[in-house]
Structures are given as C-alpha cells and as structure tokens.
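Take a look at the structure below.
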Amino acid sequence: MPASHQRPALTVLVAAPRGFCAGVDRAIMIVERALEKFGAPVYVRHEIVHNRFVVDGLRAKGAIFVDELDQVPDGRPVVFSAHGVPKVVPANAEARGLDYLDATCPLVSKVHRQAERQVEAGRHILFIGHANHPEVIGTFGQVPDGAMTLIETQADAEAFQPAPGVSLAFLTQTTLSVDDTAEIVATLERRFPDIAAPKGEDICYATSNRQAATKEIARRAQAVMVIGAPNSSNSMRLVEVADRSGARARLIETADEIDFDWLAGVETLGVTAGASAPEVLVRSVIDKLATRFDVTEEEVLTTTESITFKLPRGLEAA
Ligand code: SF4
C-alpha cells in the first residue's frame, strides 16, 4: 500500500467487564420468554432497559412498549422494566387481572426491601440518586409519601434538615458514581453520625466493576468512547469517570456516531459499554474504527463476573 494510503495506527483498549450485566440479561430474557409463552404482543411498561438497539430488537419480535398500565389491553401480559416500579403498579395490574412479569433487577428489589425495613423501623430515608430516573421513582414508590427525601448532590447533603428527633437512614440508587456517592455519604455521616447505612453496598457490582475498568483504560488512553444511551445512568457515569481519569470522553449510541475529527491525533483509544449496551454494538464500533485506522485491540481486564439471576417461575427454560 503506498505510504499516502496507510491508515494511522490506533491501539484500542477495550474495558472488561463492560456491557450487559446480569440484571439486563435477565430482563431481556423475560421479555423473550414471555413472547414464546404467550405469543405476540407482549406489553412492556417503559423501556425494558435503556438501550434503543435492545428495545427495537424486542419490538421487532412483538413487544409493545408503553408508558403506563392503562395502555395495556385486558387479557395481554405485561412486563415491568429492570429499573423497578412503584408498588401501585403491580397492585393495579392485579386489580385488573393482568398477567404481569416483573423484570425488576433483584439488586434493585433488594434496595426496595431495605427501604421498607427502614420505614418499619421508624427511620426517615435519605435516598441518594438522580431525580426522575425510573429506578428512583420505583424506589420512592415502595414507601409512603414523605418517608424519603432525595439527595442528589453534596449541597443537598449539606442542606438537609431533619425534623427534630427523627432517626435517619440512607440508601442509594444502584447505578451511581462510586466516588461521588462516597463523598455524599461522608457528608451525611459527618452531619448525622447515627445515620443507618445500607447492609452492604447499594451501588451494584456491575456499576462498580464497569467504573473500575473504565478508570483503567482512561488512565492509559487519550480518549474514551462509552457505548450507551443518554438516559442510561450507569453509561453517563462511565463518561464522567473516564473524563476525571484523564481522558477526554464521549458517549455514543452506535458506530454511526463515531466522530473521526474528534479522534484526530489519538493513538490510544479506550472503548467501554454501559450495562444496557449489547456486545454487538462494541464489535460494530471496533469494526468501523478499523475502516480508518490500523487497529490493535487489547482487552483490559480488571475483574471477572460470574453473577446470574434466576428467571421468574414459569419462564424457566423448558
Ligand atoms: Fe441490576 Fe446493576 Fe444491572 Fe442495574 S446495572 S440491572 S442494578 S445488575
């Protein structure tokens, strides 16, 4: 090949773990098995996971995505998304006699149960999370109105004033920044030394592992591309983590969004994917990079994962 046509060399550091977590795997499988068992259409309340590619794939197989239960016709099954739902949603489904399948990640359900227990113990809960995220709406919906206060920032943690004599507990969303959350928790524990902490971490293993792997590639790369959706909390946190670890970072949903001008001068690029982004998207990004660069791919493994979750009864493999 003449020198003028030589492609520039690019080392691509691919983070591991990346992409699908056990909760996302399970949620997608629940929709697929429901389609096999009940036939199409199967209704899904909200995006089953925050990824357009996944949602479009299930829609093509016969899933219909709706915002609310009243859009589900009588007699058709409905699946609740991995992010969890307020208690009122399954209650309404039961009242209507709908067949419902709950794809709430078991690690989100664990936070729900802790919220109930803290309220039973008479504590007011400070919930660290992002306003309007479906997981936060679902967790608030486990407890009576007023039993939980949302803490989004350090400033919120500094400003919160409990009612006199009230005992406190804190819980967190599963997909937060490990570092930011540690700072907010430190503030709460400094201000309220008796505050009850969750049993174990609420931030899930998949979120922590993806952030640790992203830090590692960002340390060695000039730029990092995170494959994921803008409404995916854990993907957005990976962009922040990469950025803070010294690489410029960008979120892309698919290979079509690769900005080659942004990659000018980059010799080492990190690639990772949020917990709701399938591996096929990672492969297509690397394939597209290979059309312009002489790519050397290296997987940077920081830990291995072996967690899997059982499917709900009735949907196990025949
Ligand atoms: Fe469950 Fe964590 Fe995956 Fe969310 S990111 S579905 S909490 S394993």
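Looking at residue 19, is it part of a helix (DSSP H, G or I), at pLDDT 95 or above and crowded, with 16+ Cβ neighbours inside 10 Å?
No.
On the basis of being surrounded by fewer than 17 Cβ atoms within 10 Å (Cβ to Cβ) and in a loop (DSSP other than H, G, I, E, B), does residue 198 make the cut?
Taking the combined requirement at face value, the residue does not satisfy it.
Listed here are the residues, each with its yes/no results for (1) touching a residue at least 40 places away in the same chain (Cβ under 8 Å); (2) in contact with a Phe, Trp or Tyr (Cβ under 8 Å, 6 or more places away or on another chain); (3) of a type in the set (D, E, K, R).
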{"residue": "68", "(1), (2), (3)": "no, no, yes"}
{"residue": "78", "(1), (2), (3)": "no, yes, no"}
{"residue": "82", "(1), (2), (3)": "yes, no, no"}
{"residue": "87", "(1), (2), (3)": "yes, no, yes"}
{"residue": "92", "(1), (2), (3)": "no, no, no"}
{"residue": "100", "(1), (2), (3)": "no, yes, no"}
{"residue": "103", "(1), (2), (3)": "yes, yes, no"}
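Restricting attention to segment 151-169, report how many residues are within 22 Å of residue 83 (Cβ to Cβ) and surrounded by fewer than 18 Cβ atoms within 10 Å (Cβ to Cβ).
Qualifying residue count for the region: 3.
Could you count how many residues in segment 1-15 are surrounded by 16 or more Cβ atoms within 10 Å (Cβ to Cβ) and either away from the ligand (no atom under 16 Å from the Cβ) or not assigned by TED's automatic domain parsing to the domain that holds residue 217 (or both)?
Number satisfying all stated conditions: 5.
For a quick check of your reading of the model, give me the residue pairs whose first member lies in segment 299-311 and is outside the structural domain of residue 268 (by TED's automatic domain parsing), whose second is more than 14 Å from the ligand (Cβ to nearest atom) and in a loop (DSSP other than H, G, I, E, B), with beta-carbon atoms closer than 8 Å and at least 6 apart or on different chains.
The qualifying pairs are 310/316.
Taking the stated definitions as given, is residue 178 more than 20 Å from the chain's Cα centre (by Cα), assigned by TED's automatic domain parsing to the domain that holds residue 117 and closer than 25 Å to residue 132 by Cβ?
When the stated conditions are applied, residue 178 does not pass them.
Pull up segment 225-245, narrow it to residues that are away from the ligand (no atom under 16 Å from the Cβ) and surrounded by 20 or more Cβ atoms within 10 Å (Cβ to Cβ), then point me to the one that is farthest from residue 284 (Cα to Cα).
242
For (1) away from the ligand (no atom under 16 Å from the Cβ); (2) assigned by TED's automatic domain parsing to the domain that holds residue 98; (3) within 24 Å of residue 19 (Cβ to Cβ), each residue gets a yes or a no:
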{"position": "46", "(1), (2), (3)": "no, yes, yes"}
{"position": "55", "(1), (2), (3)": "no, yes, yes"}
{"position": "63", "(1), (2), (3)": "yes, yes, yes"}
{"position": "67", "(1), (2), (3)": "yes, yes, no"}
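Pick from 116, 158, 183: which is acidic (Asp, Glu) and within 24 Å of residue 234 (Cβ to Cβ)?
Matching residue, one of 116, 158, 183: 183.
Those residues that are closer than 18 Å to residue 33 by Cβ and within 16 Å of the ligand (Cβ to nearest atom), I need them from segment 93-110; list them, please.
Once the filter is applied, which keeps residues that are closer than 18 Å to residue 33 by Cβ and within 16 Å of the ligand (Cβ to nearest atom), segment 93-110 yields 101, 102, 103, 104, 105, 106.
Go through segment 227-262 residue by residue and tally those that are touching a helix residue (DSSP H, G or I) at 6+ places or on another chain (Cβ under 8 Å), assigned to a loop (DSSP other than H, G, I, E, B) and free of Cβ contacts under 8 Å to residues at least 60 places away in the same chain.
Result for segment 227-262: 5.
Quick one: residue 312 ticks every box in (1) under 20 Å from the mean Cα position of the chain (by Cα); (2) within 16 Å of the ligand (Cβ to nearest atom) bar one, so which box is it?
Answer for residue 312: the failing condition is (1).
Quick one: residue 163 ticks every box in (1) under 30 Å from residue 260 (Cβ atoms); (2) free of Cβ contacts under 8 Å to residues at least 40 places away in the same chain; (3) outside the structural domain of residue 263 (by TED's automatic domain parsing) bar one, so which box is it?
Residue 163 satisfies all of (1) under 30 Å from residue 260 (Cβ atoms); (2) free of Cβ contacts under 8 Å to residues at least 40 places away in the same chain; (3) outside the structural domain of residue 263 (by TED's automatic domain parsing) except (1).
Go through (1) within 21 Å of the chain's Cα centre (by Cα); (2) outside any strand (DSSP E or B); (3) under 29 Å from residue 88 (Cβ atoms) one by one and return the number of the condition residue 185 breaks.
The failed condition is (3).
The values are calculated or read from the model by the stated rules, or taken from the named source; none is laboratory data. What you see is a predicted model; the values in this text were computed from it and never measured. All Cβ positions, even for glycine, are placed from backbone atoms using ideal geometry, and neighbour counts span all protein chains on display.
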